[in-house]
Each structure stands twice: as structure tokens, then as C-alpha cells.
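The values are calculated or read from the model by the stated rules, or taken from the named source; none is laboratory data. Predicted model, so just to flag it, every value in this text is computed and none were measured. Because the Cβ atoms are built from the backbone with ideal geometry, glycine has one as well, and the counts that use them run over all protein chains shown. Note: accessible area is taken over every heavy atom of the protein model, side chains too, but ligands, DNA and RNA are not part of it. Shrake-Rupley method; radii C 1.70, N 1.55, O 1.52, S 1.80 Å.
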Amino acid sequence: MSDTENYLDKKRPSLIILDITLPDGNGFDLYEKYIKTLNIPVIFLTAKDDSDDIVKGLDLGAEDYITKPFSTKELLARVRKVLMRSFKQSKIKVKDVTFNIDKMIIYKNGKELNMTPLEIKIANQLFLNINKVVKRDELLDLIWRETGNDVDDHTLTVYMKRIREKLGDNIIITIKGIGYRIDENEK
């Protein structure tokens, strides 16, 4: 029995990030022979970006697959999404707004909002980081990656204004000079 198997016999993590290339074997084999039966969500991690490997990992039952090099922000976003799914939290409700993360649809008072794909991606970043500040730079990077256009603080301000008009002014909190935050409903 490997060290990993011994560990998993004693502890049950909420998520496993599993490299395909292991010093003592293959991550696919370890997953298939041991981890899969434990019903623990797995994200495969590898330097191989071969589509056959990606498809194999997903077909085996992994929740996600990320290739190196990757940004820490991207990995953390994927981890949050997998954990939300595994804990059946694919819908986040804040006041009268519900965000269905799996479908990438936002509802206000039960009615679907008409939002652009980029507005939904910005809102997704905020909802995935509920109760945490999302820095302006992170959102500017997101807009730049999605549009390929030069962006500045004014661009983000315009997008945030449009999103607030659709969600309501009381959902997104501005942290002056730093970023934005959505807080979970009071319990």
C-alpha cells in the first residue's frame, strides 16, 4: 500500500489535486485503482496538455483537469468551483439574486437577467469569492483576457455600473481603491 493510500485510509480530504506523473507510478492508475471508489472529487494536474490525456482524465471521472503552467488564481477558482459542486452549492443566493454557477445564469426575484457573457464572468468572479474582496487588477485582467482590448479603471467602472443596474445597488460593495465584494446573506 502506498503512502497516499495509507493517508486516505485515515483521512478524507474534501478534494484531491492529483498529478499524473508520480515518482512511484501514474496518477491515472492511482485514481482508477484506489481513489475513484472513495468518492472524493479530483482535479488532475499535469504538464501534459495532450487532448487524449485530458479526455482520459475526465472520462475516468475527475472533476477537472489543469495543465502546467497555470496561475494560482486559476487553480483556486477551479478548486472553489469543484468544492461548491461537491457540496451541492451550485446556486448562490444573495438577497433577491440567485447565481446558478453550473448554468452561468443569474436570476433576480426568480426572473433570468439579460446579461452579456462578460458581465456574467465578472459576476462569477465575485460570487466565487463570496465574502472576499476581488481586487480591481484581477477584474481588469479578466476583462483584458476576454476582450483582448486595452482596459483601464474606467472600463471596469462602466462594467460594474452595468452589473449593479441589473443586480441591484445593494449586492456589490465597493472597497475604495482596492476592489469589490459580495457578502453572503446574514443567517
- Query: Separation of the range 1-62 and the range 106-162 by C-alpha centroid, Å?
  - Reply: 33 Å
- In nm, to one decimal, how far is the modelled label at residue 178 from the one at residue 135, with both set 7 Å along Cα→Cβ? 1.2 nm
- Query: In terms of solvent-accessible area of protein heavy atoms at a 1.4 angstrom probe, what is the ranking of 160, 84, highest value first?
  - Reply: 84, 160
- Query: Going down the table (95/135; 10/48; 135/176; 11/73; 121/166), which pairs top 20 Å between alpha carbons?
  - Reply: 95/135; 10/48; 11/73
- Kirkwood hydrodynamic radius of the chain, Cα pairs, Å: 18.5 Å
- Sorted by packing (mean other beta-carbon atoms within 10 Å per residue), highest first, where do 70-81, 134-145 land? 134-145, 70-81
- Between residue 91 and residue 152, what is the spin-label point distance in nm, taking each point 7 Å from the Cα along the Cα→C-beta axis? 4.2 nm
- Divide by every residue of the chain the summed helix terms, -39500 (n - 2.57) for each DSSP H run of at least 4, and state the resulting mean residue ellipticity at 222 nm, rounded to the nearest 500 deg cm²/dmol. -12500 deg cm²/dmol
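Taking only C-alpha pairs under 8 Å that are 6+ residues apart, what is the relative contact order of the chain in percent?
Relative contact order here is 14 percent.
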- Item | Residue among 92, 142, 76 farthest towards the positive dipole end of the range 50-187, charges placed on Cβ | 92
- Task: Only Lys, Arg, Asp and Glu count, each charged at its Cβ (+1, +1, -1, -1), so figure out the dipole size of the chain about its Cα centre, rounded to 20 debye.
- Result: 1020 debye
- Query: Considering the dipole of the chain built from charges on the beta carbon (Lys and Arg +1, Asp and Glu -1) around the Cα centre, which of 14, 62, 31 is farthest to its positive end?
  - Reply: 14
- Query: Where in the chain are the helices, taken as whole DSSP H runs, whose Cα atoms extend 18 angstrom or more along the long axis and whose Kyte-Doolittle mean reaches at least -1.0?
  - Reply: 72-86, 153-167
- Message: Counting other C-beta atoms within 10 Å, and keeping those with at most 12, which DSSP coil GluC sites (Glu not before Pro) do you find in the range 149-187?
- Response: 184, 186
- Query: Under a 5 Å amide H to amide H cut-off, with H placed in plane at 1.01 Å, what residues pair with residue 42 once short-range neighbours are removed?
  - Reply: 16, 63, 64
- Note on the structure: Short to long, in 5 Å steps from zero, the percent of alpha-carbon pairs of the range 1-66 per bin is 4, 17, 34, 25, 14, 5, 1
